[in-house]
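The values are calculated or read from the model by the stated rules, or taken from the named source; none is laboratory data. No experiment lies behind these values; they were computed from the predicted model shown. All Cβ positions, even for glycine, are placed from backbone atoms using ideal geometry, and neighbour counts span all protein chains on display. Ligands, DNA and RNA are stripped out before the accessible areas are found, and what is left, the full protein with its side chains, is counted by its heavy atoms. Shrake-Rupley method; radii C 1.70, N 1.55, O 1.52, S 1.80 Å.
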Amino acid sequence: MFKSLRVRFTMIYFLLVFIAMIVAGVFIIRAFEDYNLDVVSERLDDLSQIMMSELSKIELDNGGLEGSKTLIQETIDWHADIGLREEIYVVDASTQQIVATSTENLGRQASEILNTGLVVEGMLGRTVEKNLDLENVVKTKDKVYPILSNGSLIGILYLRYDLTDIYSSMSQTQFIILQAIGMSLAVTILSGIIIAKSITEPINEITQKANRLAEGDFNQIVEVRSDDEIGSLSKSFNFLSAELKRSVSEISSEKSKLETIINYMEDGLIAINADGQVIHSNPKALKLLAGQGQGPENARFDEDLIGDLLSIYSSGKVNNGNGSKNLSYRGQILRVNFAPFLDESSNKVGVVFVLQDVTEEERLENMRREFVANVSHELKTPLTSIKSYAETLLDGDVEDRGVQDQFLQVINTEADRMSRLVRDLLELSNFDSQSVRLNLERHNVNRLLDNCVLKLQVTINQNHQTVQKSYASCTIDAVFDYDKIEQVVLNILSNAVKYSGEGTDISINLKEAESTFEIAIKDGGTGISENDLERVFERFYRVDKARSRANGGTGLGLSIAKEIVEAHHGQIEIQSALGKGTTVRITLPFNGDFDAKNV
């Protein structure tokens, strides 16, 4: 039914008018309601001013409202006699009783008759109003005003207005608006049918001619009856009929060209019909997916692979049937882009899959995501601490000077930690961009190792550890960047101190070979498992995550150490086993016979 343009045009025309009238009707009703409620609110405000004026004339100093309730009641009775529709209640602040009212509830507790929320707001000195449903039958607007004497709250004036007549009038208005909407919609449907018919009849004629044209009769000509859009469509149809013969001959040529492109494209392509059979594939797809040991002449796709591709299509397609998903196959990561292909009746008769080998891209992307996640996490932790301690200090909740100094020390420590992380990241970035400059000079390796031990001596003594040095028979001089090699040794030596227990021994061995020298640092710590050992040089990777963060580590030390050593054309390796300690060996050449300007 809704496939007909005439019906859809009529329905759209109807819906547009219907929606517009509904919106207008709702707006009118809401505006009418808001107007009446505002009038009531203003009426209550006027009455409150009158009552406040009357109350100000009554002596309230001796006994407050309770002591003057007779005079107040007489005032309210006078106003009730002149035909006021509002209910008036005067509530004493100290007893919470109704001391005067225009109703029969004199002397009762305010909470039994009046809205508790409004009473509480009034007792807090606020003027508040609220629309209420009393027992889901009567709608009222209640408004409360504080009564002050000499600047002190002594009670509240509670006014209530019955909204029954207003809502009754609104119901009649709604009925009238609905009648108007119904009559307008009837006219809309009639006019929509007439307009749609004038548009669709020429289109139907063109459709019939087009069907004959599709059957192979290219002599179809449509009479052009107007200069509007329908006339333009008729002219276009006649042009189409004339050009179709010529286009058919070109299609054959384009088909041949397309097959050539598909066969030589760098991406694999597979077309699978609705029965799950491969009806077309190019050589690249055969290379990516055909069984091992199969040649191009006898290559075939296994049924499980075809099932996987169809499952990907079923689970990954979007509304138009297109989609993209990754597939793991024989150690490869393939990006599978797919789309259905249709027959002349626009029915889906199969799916085309385009395959791209993105194994290397995915590996690099995973590394990037992991790196970004690690950097974000490492920056978030100190930032959270800094913010929390700073907010505490700014709020003034900490008055003790010692605690303030302690908080500031934490902020300073976390800022240093962020500074170290940013410094390490910049250093790694320089290595990645090959923009690190090495300051190569001849230095004494023995003195470098002694200085590193001296810098960590305080921590070593605190842990009651012993550092045993075993150097070559003579001093070793070599060409290297002193600061960076010292950074490497300090990093490895500090790790040995951190992860070794109290009272353990740490050994530093220095020996030379023909053209290189080796620094070996061995600790008596808990060691590193085989799985962790494979990843210790990865950025942000920590073997003992909790302890590393507690010691202020960034997880970048060994990554930087590896980059520095390799920039010196050296090697660094770690040997370790759980419970047997860890040994780190650094091998460096004696002479810096390489380009140190851009390493």
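Calculate, for Thr516 and Asn326, the FRET efficiency according to 1/(1 + (r/R0)^6) with r their C-beta to C-beta distance and R0 41 Å; round to the nearest 0.05.
Efficiency, rounded to the nearest 0.05: 0.35.
Evaluate E = 1/(1 + (r/R0)^6) for Ala274 and Phe32, where r is the Cβ-Cβ distance and R0 equals 56 Å; express this FRET efficiency to the nearest 0.05.
Calculated transfer efficiency: 0.40.
Considering only protein heavy atoms and a 1.4 Å probe, what is the carbon-and-sulfur percentage of the accessible area of region 82-132?
Here it works out to 46 percent.
For region 170-263, what is the accessible area per residue in Å², given a 1.4 Å probe and the full set of protein chains?
Ligands and nucleic acids excluded, the result is 70 Å² per residue.
Tell me which trypsin sites (Lys or Arg not before Pro) from region 434-491 have a DSSP coil assignment and no more than 16 other beta carbons within 10 Å of their own.
Arg437
Would you mind getting the accessible area per residue of region 44-120, heavy atoms of the protein chains only, 1.4 Å probe, in Å²?
Accessible area per residue: 52 Å².
Starting from 0.36 nm per residue, how many nanometres of slack lie between Ser198 and Glu566 once their C-alpha separation is accounted for?
Full extension from Ser198 to Glu566 adds 124.3 nm.
Within region 432-520, what whole-number % of the accessible surface is contributed by carbon and sulfur, with the 1.4 Å probe and all protein chains included in the calculation?
Using a 1.4 Å probe with all protein chains present, region 432-520 comes out at 44 percent carbon and sulfur.
Step through the residues of region 519-532 one at a time and calculate ³J(HN,Hα) from phi using the Karplus curve (6.51 cos²θ - 1.76 cosθ + 1.60, θ = phi - 60°), rounding each to whole Hz and writing x for Gly and Pro.
10, 10, 10, 10, 10, x, x, 6, x, 10, 5, 4, 5, 5
Looking at this model, which pairs from Lys255/Lys287; Lys469/Lys498; Lys235/Lys257; Lys469/Lys580 are more than 28 angstrom apart at the alpha-carbon?
Where the Cα-Cα span goes over 28 Å, the pairs concerned are Lys235/Lys257.
Which far-off residues, 5 or more places away or on another chain, put their amide H under 5 Å from the one on Ala339, with H placed in the peptide plane?
Amide H neighbours of Ala339, under 5 Å, 5+ apart: Val352.
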